[in-house]
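Contents: one structure, followed by commentary.
The values are calculated or read from the model by the stated rules, or taken from the named source; none is laboratory data. Remember, predicted model here, so these are calculated numbers, not experimental data. Every residue, glycine as well, gets a Cβ built from its backbone with ideal geometry; the counts of neighbours run over all protein chains shown. With ligands, DNA and RNA removed, areas are computed over all heavy atoms of the protein, side chains included. Shrake-Rupley method; radii C 1.70, N 1.55, O 1.52, S 1.80 Å.
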Amino acid sequence: METTTTFDLDAAIADAVADYQQIVATHTVQRQAEQEAREQQEQQRQAAQIATCAAQLRQDLGDDLYEALAIAVRWVGNRPQATALIDGAPWTISATTAPAPKFWAITRPIGLGGDCTREHLRAVLLRCIGQERELRAERQANEERQDAERQARRAEHARCQAQLDAALAIARAALWTWPAGQILTLYRWSWHIGDSTFEAGWSVSDRLDAQGYATVYTEATLQTLRLDMFAHQPVVERRTFHATDALPGELREQVRIDVPGIWWSFSDEQYIADPEAVLTHDVGQVPIAWVQTQFTAESPT
């Protein structure tokens, strides 16, 4: 009798998965080994080119200058690059061709760099250092000059400000002030003059006199007008005021002073001394003269 063997599907699948995992693991190890070999080879290549570059740079600069500049060569991008610390600032010297440089590219902190041949590197670099120092000295001198100018302008501004403050203090001390505790009562008249047009003014009275006239302050003048109750239809509004800033604009005016010898520079945003200049400056607002005359020893009503 023949023995029947049953095919174990699960076992077959497990064996296949194990074989595949072994293949993947072996392939991964091989790839990692190959990658590490390539990286090591690249590191060796870079190290060789760095060594070649450093040797050529030492030869082209001379041992004395090479050591004085504390040259350090490292790999940057796709080529060797040397860094030199000159007067506290980093310079770079790059090989323009590899592995053995034929030209050097110099990069300076301030001035323009450039390329040069190997035999000219020492002379070009020394000349560039000299130019760099001249540029740095010129920049330092400009900064010191500008700083001195700024300090002079600040001092000039302070002197002008003190002159202006003194003038303003005197003017403000003489400025008309609202009598303490007093309330001013005024009447705003408005009347019809035809074609849906009205005029308005201010008065100390809310009534027409016996002849039908009203004395009103309007358009910066004091006028006596005859108003007809039917034709002009006057309307009177009673208003009380306790301070200058409570008055309407037409009953206030700005007091200004002229201060000789200074002017305001909008570009510099500061005061400038100028013997031919005159600066006009606001002191403060006061009631117009007509309003001021309404105050007496007694509180106005």
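Summary table below
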| item | result |
| --- | --- |
| The stretch 179-301 - charge dipole about Cα centre, Lys and Arg +1 at Cβ, Asp and Glu -1, debye rounded to 20 | 660 debye |
| Rounded D (µm²/s) - the chain, Kirkwood Rh over Cα pairs, Stokes-Einstein at 25 °C, 0.890 mPa s | 80 µm²/s |
| Accessible surface of the stretch 1-105, 1.4 Å probe, proportion on carbon and sulfur as whole % | 54 percent |
| Cα convex hull of the stretch 25-109, projected area averaged across orientations, nm² | 6.6 nm² |
| Virtual spin-label span in nm between D15 and R45, 7 Å along Cα→Cβ | 4.6 nm |
| Å² per residue, accessible surface of the stretch 50-98 at 1.4 Å | 46 Å² |
| Computed over the chain: relative contact order in percent, which uses C-alpha pairs under 8 Å that are six or more apart | 11 percent |
| Dimensions (Å) - the stretch 80-238, Cα atoms, principal axes, largest first | 116, 44, 24 |
| Cα-centre dipole for the stretch 1-109 with unit charges at Cβ (Lys and Arg positive, Asp and Glu negative), debye to 20 | 960 debye |
| With Cα atoms, 0 to 90° folded angle of helix 9-61 axis to the chain main axis | 80 degrees |
| Intensity falloff of the stretch 1-50 expressed as log10 I(q)/I(0), Debye formula with alpha-carbon point scatterers, at q = 0.15, 0.16 Å⁻¹ | -0.63, -0.66 |
| Positive-end residue, the stretch 179-244 charge dipole about Cα centroid, Cβ charges, pick of P179, Q211, I193 | P179 |
| Long-range HN-HN contacts of E253 with modeled amide H, under 5 Å | V286, I288 |
